[in-house]
Every structure is written in C-alpha cells, then in structure tokens.
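Reviewing the structure listed below.
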Amino acid sequence: MILPITAYGHPTLKKIASDIDKDYPNLKTIIDDMFETMYFSRGVGLAAPQVDLSIRLLVIDASPYVDDFPEAKDFKKVMINAHIIEESGEEWAFNEGCLSVPDIREDVLRKSKIRIQYCDENFNTYDEVYEGVCARIIQHEYDHLEGILFVERLASLKKMLLKRKLTEISKGNIKVDYRMKFPNQYRRKK
Ligand code: NI
C-alpha cells in the first residue's frame, strides 16, 4: 500500500525516533509499504518518520545512482534501530532532495565515511562502514530519525531564501504527484 508522506513542518519529522523490537506490530507490512511508497514517489530512500511513524527504520534502494556511482550497485537495505557510531573523512557536497520537501534541491556538505550499527528485517545485527553515495543516502535518511531535515543543514542565508517556499510546502500549497500528509495546523476544512 502506498502511504502518504509527511510534509515539511509535520511534527513527526521533528521527533527523535525510537528503537523497536521484533514484536513491533505489522513490521513486515510497514517495510513492504515503505518500499512501495519510495518506488512510487521515485525516492532512493525513505525513513519511517516520513510515513508518520517515529521509529528507527529506514529503507534504501540506490539503484538509480548506479550509472554515476558504482558503489550504488545492489545497495538495497532495510535498516532497523540504526545508530551511526562514527563519521569521518573529508566533507563533500552532494545535491540532495527529500520527498518531505518537494521541489527543493540543494548541495549539502557531509563527511564521506560512516560506521553504522543496525538490524535487518530479521533482526540480525550489523556493524558496517560505508563511503561515497551509499554513506550519503544513509546520512540523509538517518537525519530523519534524529528529527533533522537536509534544509536545516544549509547555510543561514540559503535557509532564509528558502523560508517562504518551505512555509508554502507546510501549508500544502504545492503540486506533487504523490500523497502527502501536512501539519495539522494547516489542515484545510472540507
Ligand atoms: Ni528525506
């Protein structure tokens, strides 16, 4: 099932997400629905807070990047209870976008290498190091688990210039070809 994606300003996007255990209700369905939602809206990653669940779960499929980044090959992941242990390496700029912040793309600086601990959908645990575009996608999705959006990582002048556009997004004054869930205070009367 395709789920609506929480829009900029939605309270769930601002929360720090919680770890879960393997008895979390409907986990398999949630993971399937998140992949379906991600593919439908042509994203390369989706974090649970973007489907209004404040849990540490993210899904990734980097295959659209394969032509430009060889490391993206077969990089398809479910990460549960993800925790980045370390970030290292040089900062580099990459043009990011986010399904919760439609129509805005900006260069974001992040470190090139991460070490992350997580569980897969069967609750096997991993402790892995990623670099390049794989690290980048994880870092962007991981930020969602920490209540951070990529636009908050921009320089203050850039943020100021985007302010009006972000307000319009949170009010639902945007055209998107996937379903979104807007903050309550802006919910329009039927
Ligand atoms: Ni995002």
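The values are calculated or read from the model by the stated rules, or taken from the named source; none is laboratory data. Small disclaimer: the values here were computed from a predicted structure and weren't measured. Here the Cβ is made from the backbone with ideal geometry for all residues, glycine too, and neighbour counts use every protein chain on show. The protein model used for the area step is the full one, side chains on, heavy atoms only, and it has no ligands, DNA or RNA in it. Shrake-Rupley method; radii C 1.70, N 1.55, O 1.52, S 1.80 Å.
Some values worked out for this structure:
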quantity	calculated
Subset of segment 62-99 [out of contact with any strand residue (DSSP E or B) (no Cβ under 6 Å at 6 or more places or on another chain) and hydroxyl-bearing (Ser, Thr, Tyr)]	Ser63, Tyr65
Val59 vs. criteria of a type in the set (A, V, I, L, M, F, W, C) and surrounded by 19 or more Cβ atoms within 10 Å (Cβ to Cβ)	yes
Glu141 open to solvent by less than 90 Å² (accessible area, probe 1.4 Å) and under 25 Å from Ile31 (Cα atoms)	yes
Cβ-Cβ under 8 Å pairs, at least 6 apart or on other chains, segment 79-98 side more than 16 Å from the ligand (Cβ to nearest atom) and modelled with pLDDT under 95, far side open to solvent by 50 Å² or more (accessible area, probe 1.4 Å) and β-branched (Val, Ile, Thr)	none
Hits in segment 27-44 (condition: surrounded by fewer than 16 Cβ atoms within 10 Å (Cβ to Cβ) and β-branched (Val, Ile, Thr))	Thr29
So Val59, is it in contact with a strand residue (DSSP E or B) (Cβ under 7 Å, 6 or more places away or on another chain) and more than 17 Å from His83 (Cα to Cα)	no
Of all residues making up segment 138-161, the number that are assigned to a helix (DSSP H, G or I) and within 15 Å of the ligand (Cβ to nearest atom)	12
